[in-house]
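As structure tokens, the structure follows; a few thoughts come after it.
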Amino acid sequence: MYERTDKAVAIINDRLIELFSDLKSVMTFDRLNIMQAVNDTYAEADEIIRKVFLALARHVYADKVNDDRGRKIDEEWLDFVLTAYDPVSKYVYVNEFDRKRARLIEAAISSTAKTQEIDRALKALSFMARVYAVIVTDKAHLQALEDNRVKKVRWVAELDEKTCTVCHKRDGKIYFLEDLPPKPHPNCRCWYKEVRKQA
């Protein structure tokens, strides 16, 4: 279920590493230039992340829809996902993205360890992108199920040594799509399988 998600995360991480490496080269400049460089880096990162998220969501959706009657995944759909509160991450993506940008500006201006601050910011943004890649995947999958008029789904847990107790308990349980509980933690690899009507 999450192979494409992992590929999308790898693409995002590669690009973020490049961007943040370039950012390190301007940390000897004055405050105004540092602020502008951080703002430019985050603007480019936002563009990259959104582009990859949109492509990911479209692939996930297209794999699941039965025909073309369903709602299409577009930039407006993605904006809705990224501007809504998410109970798994416990924040709004766009707000947290902006907070991370502001934190790096403060740290880059005031810290004597600017390179470490940039590395810390890169790690935080990469983690957030990973969490939201899973969320975008799940939302696109759920949108496809909804557009296919699926009423019930079975919770399918990835059962291994990392599976949490909540996911273990939910494995195999059937939920109405509108009553599906949120995932219990970030990066949860559980997914939902359509429950077809019995003959």
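The values are calculated or read from the model by the stated rules, or taken from the named source; none is laboratory data. Just so we're clear, the structure is a prediction, and the values are computed from it rather than from any experiment. Note that we place each Cβ from the backbone using ideal geometry, even for glycine, and neighbour counts take in every protein chain shown. SASA here: full protein model, heavy atoms, side chains in, ligands and nucleic acids out. Shrake-Rupley method; radii C 1.70, N 1.55, O 1.52, S 1.80 Å.
Annotations
- Directionally averaged projected area (the range 36-96, Cα convex hull): 5.0 nm².
- Under DSSP loop assignment and at most 16 Cβ neighbours within 10 Å, longest GluC sites (Glu not before Pro)-free interval of the chain: 1-157
- With Cα atoms, 0 to 90° folded angle of helix 31-64 axis to the chain main axis: 20
- Computed label-point distance, nm, for sites residue 197 and residue 168 using a 7 Å Cα→Cβ extension: 3.8
- A straight chain from residue 25 to residue 110 at 0.36 nm per residue would run longer than the Cα-Cα distance by 28.9 nm.
- For the range 52-117, trypsin sites (Lys or Arg not before Pro) are listed when DSSP marks them as loop and at most 16 other Cβ atoms sit within 10 Å of their Cβ; the list is 69, 71, 72, 90.
- In the chain, the ratio of gyration radius to Kirkwood radius, Rg to Rh, stands at 1.05 when only Cα atoms are counted.
- Rounded percent of accessible protein surface that carbon and sulfur make up, the range 24-159, 1.4 Å probe: 50
- Linear extension gain, residue 10 paired with residue 99, 0.36 nm per residue minus alpha-carbon span: 29.7 nm
- Summing +1 for each Lys or Arg and -1 for each Asp or Glu among the other residues whose beta-carbon sits under 9 angstrom from that of residue 134 gives +2.
- Highest-fluctuation residue, 89, 126, 25 considered, GNM on the chain with Cα pairs under 10 Å: 25
- When its C-alpha radius of gyration is set against 2.2 N^0.38 Å (N residues), the range 98-171 gives a value of 1.69.
- Å² of accessible area per residue within the range 51-199, as computed with a 1.4 Å probe and no ligands counted: 58
- Less than 5 angstrom separates the built amide H of residue 194 from those of 154, all sequence-distant by 5 or more or on a different chain.
- 3J(HN,Hα) couplings calculated from phi for the range 96-105 with the Karplus curve 6.51 cos²θ - 1.76 cosθ + 1.60 (θ = phi - 60°) are, in sequence order, 5, 4, 5, 4, 5, 4, 5, 4, 5, 4 Hz; Gly and Pro show x.
- All other residues whose Cβ lies under 14 angstrom from that of residue 122 are scored, Lys and Arg at +1 and Asp and Glu at -1, for a net of +3.
- Note on residue 120 and residue 180: with the Förster distance fixed at 45 Å, the Cβ-Cβ geometry gives a FRET efficiency of about 0.80.
- Accessible area in the full protein assembly, largest first, 1.4 Å probe, for 163, 28, 137: 28, 163, 137
- Compared with the dominant principal axis of the Cα atoms in the chain, helix 114-147 is inclined by about 20°.
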